[in-house]
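Student: Supplied in structure tokens, the structure appears directly below.
Values quoted throughout were computed directly from the atomic coordinates according to the rules given, and no laboratory measurement underlies them. None of these values were measured; they are calculated from a predicted model. Glycine also receives a Cβ, built like all others from the backbone with ideal geometry; neighbour counts cover every protein chain displayed.
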Amino acid sequence: MKFAIFGNSYQTKKCEKIAELFDVLNRCGDCYSIEHRFYEFLKENNLEHIKPVEIIYDDNFTADIVISFGGDGTLLRTAGCVGSKGFPILGINAGRLGFLTTTSSSDIENIIAKLHDNNYDIEERGLIYVTTKGEDLKNYPYALNEIAIMKHDSSSMITLETTLNEEDKIIYQADGLIVSTPSGSTGYSLSVGGPIIAPNADVMILTPIASHSLNMRPLVVNDNTTVRIKVNSRSHNFLIAIDGRNESCEESTVLTIRKAPYYQRIIRSKGGTFIKNLHDKMMWGADTRE
């Protein structure tokens with residue numbers, strides 16, 4: 001089996017678990033390629049026994065399965081590299097909460113054995129993407145979690161003229177607006193009051209950030225909706241964050257957000273469900289009273 005491996009290159013304390021991953025792959029006779037920044041991190045931490053068949057420098061790679069070793073941020077970056085190629089992604093959680101990365105780093109040997117036995121499920125997660133009229137974006141325009149439009153270099157709120165399907169207009173006066181997928185409903189959107197949405201729902205969520213009006217609540221729309229956004233700002237610019245990839249845009253840039261034409265395939269252990277994940281990760285419904 002061939003793996004492509006991406007990882008978080010910030011915490012050396014994770015090296016023991018990283019070494020275990022490669023030891024298991026070596027014992028199984030698997031071949032693997034490694035993303036170049038992660039490979040440099042491994043070399044700096046004296047993991048010299050790791051022998052990839054290829055170093056990944058761009059999105060031109062192949063694999064049976066892609067492994068993301070880190071937290072949800074690492075998985076989102078990995079998803080951006082996988083793009084529309086359709087390779088299933090296994091997220092091994094070496095971070096904190098890890099809502100997308102449900103496999104624990106303490107269960108590496110067991111999960112690799114399940115991969116070899118085809119004993120796993122694959123969830124197809126919808127994405128959204130943004131196009132622009134005016135200034136071109138520098139970053140990859142597809143998001144598994146969310147596209148956030150936010151104020152930039154100013155304490156003043158911004159006005160977001162938002163049109164749905166060229167018909168319904170909503171004027172948000174706020175610090176920003178998050179357009180989220182169901183996968184992203186447990187991320188940034190949730191932290192500013194958005195609803196939790198099951199990942200197989202065919203919807204998008206529009207969640208204002210610090211709205212000036214208390215009656216501007218999160219809105220759930222069908223994922224076939226075309227969302228067009230024009231920003232008015234005193235600083236004449238704004239920030240756009242696509243799964244955390246930030247860049248500045250001129251005020252004249254008009255954004256159009258739509259459902260992506262492909263899905264991201266995420267590996268789950270059999271028996272693992274969204275509601276169970278809510279219980280395990282967020283203490284969903286737990287009574288903490290003694």
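Student: I want to make sure I understand the PRE zone here: with the label point 7 angstrom from the Cα of TRP284 toward its beta carbon, which residues in the range 192-229 have backbone N atoms less than 18 Å away?
Tutor: Output list for this probe position: 192-205.
Student: Please give, to one decimal in nm, the separation of the simple spin-label points placed at GLU20 and ASP121, each 7 Å out from Cα toward the Cβ.
Tutor: So the label points at GLU20 and ASP121 sit 2.5 nm apart.
Student: Spelling out what I want: for every residue of the range 251-258, take phi, set θ = phi - 60°, compute 6.51 cos²θ - 1.76 cosθ + 1.60 (Karplus), and round to whole Hz; glycine and proline get x.
Tutor: 4, 6, 6, 9, 9, 10, 10, 9
Student: May I ask what percent, to the nearest 5, of DSSP beta bridges between residues of the chain are antiparallel? Intermediate results must be reported in sequence, preceding the final value.
Tutor: Numbers: 55 of 75 bridges.
Roughly 75 percent of the beta bridges in the chain run antiparallel, per DSSP.
Student: Let me ask you something else. How many nm separate the modelled label positions at LYS85 and ASP64, each set 7 Å beyond the Cα in the direction of the Cβ?
Tutor: 1.6 nm
Student: Could you check which residue among ILE240, ILE89, ILE196 shows the biggest mean-square fluctuation in a GNM of the chain with a 10 Å Cα cutoff?
Tutor: Of ILE240, ILE89, ILE196, the most mobile in the Gaussian network model is ILE196.
Student: Okay, helix-only estimate at 222 nm for the chain: each DSSP H run of n ≥ 4 adds -39500 (n - 2.57), divide by all residues, round to 500 deg cm²/dmol; what do you get? Walk me through the numbers on the way to the answer.
Tutor: Working: 6 runs with 55 residues, N = 290.
It lands at -5500 deg cm²/dmol.
Student: Right, another one. Give me the distance in nm between label points sitting 7 Å out from Cα along the Cα-to-Cβ direction at VAL221 and SER269, one decimal.
Tutor: 3.9 nm
Student: What number, in nm² with one decimal, is the all-direction average of the projected area of the convex hull of the alpha-carbon atoms of the range 127-261?
Tutor: Details: hull surface 29.1 nm².
Reported value for the Cα convex hull: 7.3 nm².
Student: Longest segment of the chain with no chymotrypsin sites (Phe, Trp or Tyr not before Pro) in a DSSP loop having at most 16 other Cβ atoms within 10 Å? List each step's numbers first, then the result.
Tutor: On the way: sites that count: TYR10, TYR57, TRP284.
Maximal segment without exposed cleavage sites: 58-283.
Student: Find how much the distance from MET1 to ALA201 grows on full extension, using 0.36 nm per residue of separation minus their present alpha carbon separation; answer in nm with one decimal. The partial results should precede the final answer.
Tutor: Working: separation 200, 0.36 × 200 = 72.00 nm, distance 3.24 nm.
Gain on stretching MET1 to ALA201: 68.8 nm.
Student: Which of these, THR181, THR162, THR101, has the largest mean-square fluctuation under a Gaussian network model of the chain (Cα springs below 10 Å)?
Tutor: THR162
Student: Starting from the exponent 0.38 and prefactor 2.2 Å, build the expected Rg for the chain from its residue count and divide its actual Cα Rg by it. The partial results should precede the final answer.
Tutor: Details: Rg = 20.2 Å, N = 290, 2.2 N^0.38 = 19.0 Å.
In units of the 2.2 N^0.38 Å rule of thumb, it is 1.07.
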